[in-house]
Amino acid sequence: MQAKTNALSQGFIRCDDCGFLVKTGNHSLSCPRCNSHLHARHPHSLQRTSALLFSSFLLYIPANIFPIMTVNQFGAGDPHTIAGGIVELIDSGMIPIGLLVLVASILVPSSKLIGIGLLLLCTHFRWQINARRWTVMYRIIAFVGRWSMLDIFMISILVDLVNFGEVQIIAGPAATAFAAVVILTMFAAENFDPRLLWDNQKNL
Amino acid sequence: MNSTNYDACPECDLLLKPAQLKIGEKAHCPRCGLLLSRPRKQSIERTFALSITGFILFFPSVLLPMMGITVLGDANTGTLLSGVIALFNENMWPVAIVVFLASIMFPLVHISLSLLISGHLYFKRSNRYLVTWMRWMYHLDEWIMLEVYMLGIIVACVKLMAIAPLKFGWGLYAFIALIIITTLLTSNLDNRLFWQRIEQLRKENNNAS
């Protein structure tokens, strides 16, 4: 059994696209198998991730303040925010669905913002942590991101179906902001390189 | 060529000796626990068959009405595409584009690419675009949100039931079938095997010419 070593410290770079392992000595910058650019770690991982995270944090505010949709009944409008929609679902007895929307559109995005923030702080300040546990956290963040699009898809269905002249559902400005938050946090998770967590650990 | 006998974990960069796995076995990274590889039975044949099925199912699920609702005697039906158009008509074009990409465009491109790749590998035809297709398919994976859309349909149904009775159409059944097919497709596609075969095909082609 050999000691556990990073591939990079032995002079190997793993291709991000096809998984091919390349010896770094000959300074070739593209993968011999799939031709993509080789990077030992994602380029500018921390800068890109923090920029994306900061923008999504700013957009998260209008996403929660403005109405995500308006139910227009016989001329009288009734705007709903994300939280308002959940309260309404739970009030009308749809508790499981209400909880589902609560998880997908409030808990997941906000814990993602905090989680990616923590990962960034951890790599920047070289905290000595249980890297395995933090990698699992990263994996959950990356997996769970797409499920927040639930609300956006629901709106596209409602706006299309409920359109009868007197009764209408109109998408609100928060929908755009919320969709942007989901997309930006997905990009942020993609740009973060979990290998940086391992690189910073002194005694592995 | 710098082909080595080693492998590296994509998430913690641990240098590994790759295990020779039998079908049904799984390899996890000993340090971070990531699932490294999981060879599937007849991966190429199954991927080819599933992509054909998915490609055929795609059109009814996008074009046929998924559900309908009647309010005050007026009836409305909706399809995947009409939802996108409705958002466009309300000047919500950024959201419309995102919904279009995640629920229609990317799934279609993904299925077409896996059809092309597995077809080429199945018939052992070489193509210089195989590598590019394979890379695109890999990067698209995360942006396909069919199952999230399904959850959106369920929530929308619950909200609409309060307003009026709902009717379900063939589009919805085709869409559910499409989700099952795409899930099977991603679980049967063995990335490692596909890359090995692509490289093998290219070498044979180089030797022949």
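The values are calculated or read from the model by the stated rules, or taken from the named source; none is laboratory data. What you are looking at is a predicted structure, and each value in this text was computed from that prediction instead of being measured. Glycine also receives a Cβ, built like all others from the backbone with ideal geometry; neighbour counts cover every protein chain displayed. Calculation scope for accessible area: heavy atoms of the full protein, side chains included, ligands and nucleic acids excluded. Shrake-Rupley method; radii C 1.70, N 1.55, O 1.52, S 1.80 Å.
Mind listing just one residue for me: the one in segment A:129-141 that is open to solvent by 30 Å² or more (accessible area, probe 1.4 Å) and facing chain B (nearest Cβ under 8 Å) and, of those, farthest from the chain's Cα centre (by Cα)?
By that ranking, first place goes to A:Arg132.
Identify, please: which residue in segment B:154-177 is within 24 Å of the chain's Cα centre (by Cα) and more than 17 Å from A:Phe153 (Cα to Cα) and is, among those, farthest from the other protein chains (Cβ to nearest Cβ)?
Looking at residues that are within 24 Å of the chain's Cα centre (by Cα) and more than 17 Å from A:Phe153 (Cα to Cα), I get B:Ala177.
Conditions (1) more than 8 Å from chain B (Cβ to nearest Cβ); (2) within 17 Å of B:Lys159 (Cβ to Cβ); (3) in contact with a Phe, Trp or Tyr (Cβ under 9 Å, 6 or more places away or on another chain), marked per residue:
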{"residue": "A:Met94", "(1), (2), (3)": "no, yes, no"}
{"residue": "A:Val108", "(1), (2), (3)": "yes, no, yes"}
{"residue": "A:Ser111", "(1), (2), (3)": "yes, no, no"}
{"residue": "A:Arg146", "(1), (2), (3)": "no, no, yes"}
{"residue": "A:Asp151", "(1), (2), (3)": "no, yes, yes"}
{"residue": "A:Ile170", "(1), (2), (3)": "no, yes, no"}
{"residue": "A:Pro173", "(1), (2), (3)": "yes, no, yes"}
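Starting from residues that are touching a Cys at 6+ places or on another chain (Cβ under 9 Å) and not in a loop (DSSP other than H, G, I, E, B), keep the ones in segment B:1-42 and report whichever is nearest to the other protein chains (Cβ to nearest Cβ).
B:Leu15
Within segment A:142-161, can you find the residues that are under 15 Å from A:Met186 (Cα atoms) and either open to solvent by 20 Å² or more (accessible area, probe 1.4 Å) or of a type in the set (Lys, Arg) (or both)?
Once the filter is applied, which keeps residues that are under 15 Å from A:Met186 (Cα atoms) and either open to solvent by 20 Å² or more (accessible area, probe 1.4 Å) or of a type in the set (Lys, Arg) (or both), segment A:142-161 yields A:Ala142, A:Phe143, A:Val144, A:Arg146, A:Trp147.
Please enumerate the residues belonging to segment B:63-99 that are open to solvent by 20 Å² or more (accessible area, probe 1.4 Å), assigned to a helix (DSSP H, G or I) and either at the interface with chain A (Cβ under 8 Å from one of its Cβ atoms) or in contact (Cβ under 8 Å) with a residue 12 or more places away in the chain (or both).
The answer is B:Leu63, B:Leu81, B:Ser82, B:Ile85, B:Pro94, B:Val98.
How do the pairs read when you match residues in segment A:129-152 that are at negative phi and at pLDDT below 90 with residues anywhere that are polar (S, T, N, Q) and not in a helix (DSSP H, G or I), using Cβ under 6 Å and keeping only pairs 6 or more apart or on different chains?
Listed by first residue and then by second, the contacts come to A:Ala131/A:Gln201.
Take the conditions within 12 Å of another protein chain (Cβ to nearest Cβ), under 30 Å from A:Val71 (Cα atoms) and surrounded by 19 or more Cβ atoms within 10 Å (Cβ to Cβ) and apply them to B:Leu146. Does it pass?
Spelling it out, B:Leu146 is indeed within 12 Å of another protein chain (Cβ to nearest Cβ), under 30 Å from A:Val71 (Cα atoms) and surrounded by 19 or more Cβ atoms within 10 Å (Cβ to Cβ).
Failed condition for A:Leu161, given (1) closer than 28 Å to B:Leu35 by Cβ; (2) hydrophobic (A, V, I, L, M, F, W, C); (3) touching a strand residue (DSSP E or B) at 6+ places or on another chain (Cβ under 8 Å), with all others met?
(1)
Residues that are open to solvent by 50 Å² or more (accessible area, probe 1.4 Å), modelled with pLDDT under 85 and more than 12 Å from every other protein chain (Cβ to nearest Cβ): list the strands (runs of 3 or more DSSP E) wholly contained in segment A:13-87 that include at least 1 such residues.
Once the strands (runs of 3 or more DSSP E) in segment A:13-87 are filtered for at least 1 residues that are open to solvent by 50 Å² or more (accessible area, probe 1.4 Å), modelled with pLDDT under 85 and more than 12 Å from every other protein chain (Cβ to nearest Cβ), what remains is A:76-80.
Can we say A:Phe164 is within 12 Å of another protein chain (Cβ to nearest Cβ), of a type outside the set (Val, Ile, Thr) and either in contact with a helix residue (DSSP H, G or I) (Cβ under 9 Å, 6 or more places away or on another chain) or open to solvent by 40 Å² or more (accessible area, probe 1.4 Å) (or both)?
Taking the combined requirement at face value, the residue does not satisfy it.
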